[in-house]
Amino acid sequence: MEIKHKIEAILLLGGDELQIKELSKFFGIPIEEILNILEELKEERRETGINIEIDGEFVNLVTNPIYGEVINDFFQQETKPKKLSGAALETLSIIAYRQPVTKSEIEAIRGVSVDRIVQNMEEKKFIRICGKKDTIGRPNLYEVTDKFLGYIGIKKIEELPNYQEVKGSSEDGKNEN
């Protein structure tokens with residue numbers, strides 16, 4: 001039996017998030033190798049109803065966001081999933097195009113505080129902390145997640161309209177400073 005199928009079975013029965021280091025310890029395989037196996041599984045499952053979500057030190061199975069509507073219909077939820085507010089979408093757009101980005105950088109672009117929106121988007125798992133900026137105070141850096149990409153109906157960040165153009169111009173701006 002292939003180890004990735006064993007890992008997949010453990011993820012199915014593991015329920016909530018599993019620590020990647022636990023899988024590494026159990027199988028006696030370095031974390032980097034486990035991460036490679038998980039990335040391979042994630043790619044294989046990308047077009048299926050069940051996806052693999054890797055979030056920092058944790059991994060779990062999730063439903064594919066592109067099937068959210070059919071899941072809601074099947075389970076006959078009386079309330080439809082809430083639509084995101086304009087402010088939330090604007091904030092998510094800034095994060096998606098400028099990632100990794102700090103809250104203060106988002107606030108400088110939007111001109112208003114984004115504390116609550118960032119907190120809500122983290123709770124919805126649309127964004128995650130991907131590191132710390134090497135500057136005074138070491139603020140968190142944020143990036144969008146696969147869940148957000150699925151919500152807007154794309155698979156990769158590069159599929160965003162004019163992504164390469166925007167990303168190229170924002171990197172040019174960084175080089176000038």
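The values are calculated or read from the model by the stated rules, or taken from the named source; none is laboratory data. Small disclaimer: the values here were computed from a predicted structure and weren't measured. Heads up, the Cβs are rebuilt from the backbone with ideal geometry, glycines too, and the neighbour counts pull from every protein chain shown.
All of (1) under 16 Å from residue 155 (Cα atoms); (2) crowded, with 16+ Cβ neighbours inside 10 Å; (3) not assigned by TED's automatic domain parsing to the domain that holds residue 118 hold for residue 61 with one exception: (1). When each of 63, 48 is tested for being closer than 26 Å to residue 75 by Cβ and at pLDDT 90 or above, the lone residue that passes is 48. Applying a threshold of 7 Å to beta carbon distances and a minimum spacing of six or more residues, or different chains, the list of pairs starting in the stretch 149-163 at a residue that is in contact (Cβ under 8 Å) with a residue 60 or more places away in the chain and ending at one that is crowded, with 17+ Cβ neighbours inside 10 Å and of a type in the set (S, T, N, Q) reads 150/64.
Counting only residues that are over 13 Å from the mean Cα position of the chain (by Cα) and over 20 Å from residue 3 (Cβ atoms), the stretch 47-62 holds 2 of them. Surrounded by 14 or more Cβ atoms within 10 Å (Cβ to Cβ), more than 25 Å from residue 45 (Cα to Cα), touching a residue at least 60 places away in the same chain (Cβ under 8 Å) and under 16 Å from the mean Cα position of the chain (by Cα) - does that describe any residue in the stretch 93-111? Scanning the stretch 93-111, I find at least one residue that is surrounded by 14 or more Cβ atoms within 10 Å (Cβ to Cβ), more than 25 Å from residue 45 (Cα to Cα), touching a residue at least 60 places away in the same chain (Cβ under 8 Å) and under 16 Å from the mean Cα position of the chain (by Cα), so the answer is yes.
The test for being in contact with a strand residue (DSSP E or B) (Cβ under 8 Å, 6 or more places away or on another chain), surrounded by 17 or more Cβ atoms within 10 Å (Cβ to Cβ), in the same structural domain as residue 30 (by TED's automatic domain parsing) and closer than 30 Å to residue 8 by Cα does not hold for residue 127. For residue 104, the criteria (1) more than 15 Å from residue 145 (Cβ to Cβ); (2) assigned to a helix (DSSP H, G or I); (3) not assigned by TED's automatic domain parsing to the domain that holds residue 151 hold in every case but one, which is (3).
Give the residues of the stretch 133-177 that are of a type in the set (D, E, K, R), exposed (fewer than 15 other Cβ atoms within 10 Å of the Cβ) and at pLDDT 75 or above, sorted by residue number. Scanning the stretch 133-177 gives 134, 138, 155, 156, 158, 159. If only residues of the stretch 120-132 that are part of a helix (DSSP H, G or I) and charged (D, E, K, R) are counted, the one that is modelled with the highest pLDDT is 122.
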